[in-house]
2 protein chains.
Amino acid sequence: MPTAAVADPVTTRGELTKRLIVDTALRMFREQGYEQTTMRAIAREAGVSVGNAYYYFASKENLIEAFYEDMQVEHLAHARPVLDASKDFGDRLRGTFHAGIDALAPYHAFAGKFFKTAAEPTSPLHPLSSESEPARNASIALFREVFEGSSAKIDPELRDELPELLWMSYLGVILFWVHDLSPEQAKTRLFIDKSTALVDKLVGLSRLRILRPLSRDLLELIADLKAD
Amino acid sequence: MPTAAVADPVTTRGELTKRLIVDTALRMFREQGYEQTTMRAIAREAGVSVGNAYYYFASKENLIEAFYEDMQVEHLAHARPVLDASKDFGDRLRGTFHAGIDALAPYHAFAGKFFKTAAEPTSPLHPLSSESEPARNASIALFREVFEGSSAKIDPELRDELPELLWMSYLGVILFWVHDLSPEQAKTRLFIDKSTALVDKLVGLSRLRILRPLSRDLLELIADLKAD
DNA sequence: GTCTATAGCAAGATAGAC
DNA sequence: GTCTATCTTGCTATAGAC
């Protein structure tokens with residue numbers, strides 16, 4: 001007896017509902033903050049039941065995960081034109097940092113709570129967690145492209161580790177941005193400009209013989225810390 | 001026991017009650033974790049009412065503040081013998097970093113929650129907050145002594161900024177430690193040994209003429225970020 | 001599998017009486 | 001300063017509709 005199976009639409013009903021809940025939540029987070037936005041209010045505003053919201057998101061924090069993923073995608077999109085425009089390492093790095101902050105900018109007020117959550121070592125949102133490995137790898141790959149698509153030279157032994165180091169620097173920039181209270185986070189923009197220029201110089205100098213021992217020490221340190 | 005602006009002697013009834021609540025809370029945090037320890041349980045264990053606990057501590061997080069202050073005092077105490085023992089900058093820095101981690105060690109399991117709270121930009125526990133300025137200044141002064149009591153030389157222009165840079169490095173060490181899952185946090189110990197050796201070398205090299213432009217850039221960056 | 005409605009728990013936080 | 005009673009909210013549970 002053949003059952004008349006209903007073909008699934010490209011975007012299922014469930015995915016639409018999920019998206020509706022996420023969008024509502026992120027908007028409310030932006031407008032009134034994370035703590036002030038209750039799950040009850042999100043459900044009411046999205047026109048679904050509380051139970052339905054929890055059907056798609058196991059916890060309120062899980063809603064932040066969606067934000068995390070959105071930002072990841074936005075960063076790649078914002079960085080693309082930069083990487084297509086210049087071969088200068090300093091320009092590429094600076095542009096890629098700025099691109100990330102551009103994507104984050106509308107959420108600055110909310111970002112403190114987001115960061116607080118992600119900062120906890122056991123959180124799945126933590127940048128070093130296994131759950132965020134795909135996002136992390138994508139981000140590191142972006143920074144690999146920043147260097148490898150450039151005309152810069154570097155101490156060859158440092159080359160393999162550079163993308164990860166740049167990614168960690170980017171985390172540092174975000175950390176700075178989260179705490180930046182200057183208008184429009186202007187200090188973060190300044191910080192990016194100055195610090196990327198510094199990194200650019202350091203990379204160039206890394207091939208100097210006097211600095212070789214330093215590079216070696218750095219590599220050794222990294223190797224030790226990666227070892228189990 | 002040094003009693004700086006951090007811990008005044010306790011005499012009045014209110015202060016006794018406050019101290020009782022803090023001590024009970026910190027002990028319970030150590031023994032069963034932060035989340036697992038409810039305000040009800042703290043109050044019960046301390047023999048006071050929940051309302052009374054909230055009379056002294058506006059929130060559960062505020063109890064962490066006491067931990068913060070205790071650790072500050074302990075760090076200074078642990079570092080003293082190190083600074084009395086050697087004039088070598090590398091040794092002094094390494095020893096001072098280890099001293100801080102020694103003080104923190106019993107709280108490693110609990111530290112993730114602590115860090116999460118302190119990481120929030122608006123938190124009074126934040127290392128950069130105005131509320132924690134006294135503790136911050138005491139800590140920076142410690143690192144000033146680390147360098148100035150040593151036999152090391154440095155690019156004179158960097159000299160004034162070094163204590164603050166070392167203090168920030170120390171924050172980085174704590175950040176590393178919080179996330180260190182290795183047995184006894186052995187990786188943190190390794191990280192301290194290797195990274196302080198690196199910093200020691202960098203400080204020595206800072207007087208090389210080739211590196212002057214880098215120092216200048218760094219100083220300029222710091223000056224810009226400090227400016228209002 | 002998707003969704004509603006509702007009841008209820010646990011724990012952080014508060015109000016108001018004494 | 002201290003208490004008891006109560007509120008709020010994240011989250012769960014259940015029972016059922018489509």
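The values are calculated or read from the model by the stated rules, or taken from the named source; none is laboratory data. Here the structure is a predicted model, which is why all the values come from computation and not from measurement. We place every Cβ from the backbone using ideal geometry, glycine too, and count neighbours over all the protein chains shown.
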**Message:** If A:A66 satisfies all but one of (1) away from DNA strand C (no atom under 16 Å from the Cβ); (2) away from chain B (no Cβ under 14 Å), what's the number of the condition it fails?
**Reply:** (1)
**Message:** Can you list residue pairs whose Cβ atoms sit under 9 Å apart, with the first residue in the range A:34-51 being not assigned by TED's automatic domain parsing to the domain that holds A:F115 and the second being near DNA strand C (Cβ under 10 Å from one of its atoms) and assigned to a loop (DSSP other than H, G, I, E, B)? Count only pairs 6 or more apart in sequence or on different chains.
**Reply:** A:I42/A:V48; A:A43/A:S49
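Which of the residues that make up the range A:105-122 are within 14 Å of another protein chain (Cβ to nearest Cβ) and touching a residue at least 24 places away in the same chain (Cβ under 8 Å)?
Filtering the range A:105-122 down to residues within 14 Å of another protein chain (Cβ to nearest Cβ) leaves A:107-122.
If the condition is that a residue be within 14 Å of another protein chain (Cβ to nearest Cβ) and touching a residue at least 24 places away in the same chain (Cβ under 8 Å), then A:Y107, A:H108, A:A109, A:F110, A:A111, A:G112, A:K113, A:F114, A:F115, A:T117, A:A118 are the ones that fit.
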**Asked** What is the residue count in the range A:29-56 for residues that are under 21 Å from the mean Cα position of the chain (by Cα) and within 14 Å of DNA strand D (Cβ to nearest atom)?
**Response** 3
**Message:** Restricting to the range B:21-59, name every residue that is surrounded by fewer than 19 Cβ atoms within 10 Å (Cβ to Cβ), under 18 Å from B:F110 (Cβ atoms) and within 12 Å of DNA strand C (Cβ to nearest atom).
**Reply:** B:Q32, B:G33, B:E35, B:Q36, B:T38, B:M39, B:A41, B:S59
**Complete:** Listed by range, helices (runs of 4 or more DSSP H) wholly within the range B:123-228 having at least 2 residues that are surrounded by 14 or more Cβ atoms within 10 Å (Cβ to Cβ) and within 12 Å of chain A (Cβ to nearest Cβ) are B:162-178, B:186-205, B:212-226
**Request:** Can you tell me which residue among B:A58, B:A99 is more than 14 Å from every other protein chain (Cβ to nearest Cβ), among the small types (G, A, S) and not in a helix (DSSP H, G or I)?
**Result:** B:A58
**Prompt:** Does A:S169 fit the bill of being small (G, A, S) and farther than 23 Å from B:W177 by Cα?
**Reply:** no
**Message:** What's the total number of residues in the range A:194-228 that are of a type in the set (D, E, K, R) and under 24 Å from A:P127 (Cα atoms)?
**Reply:** 4
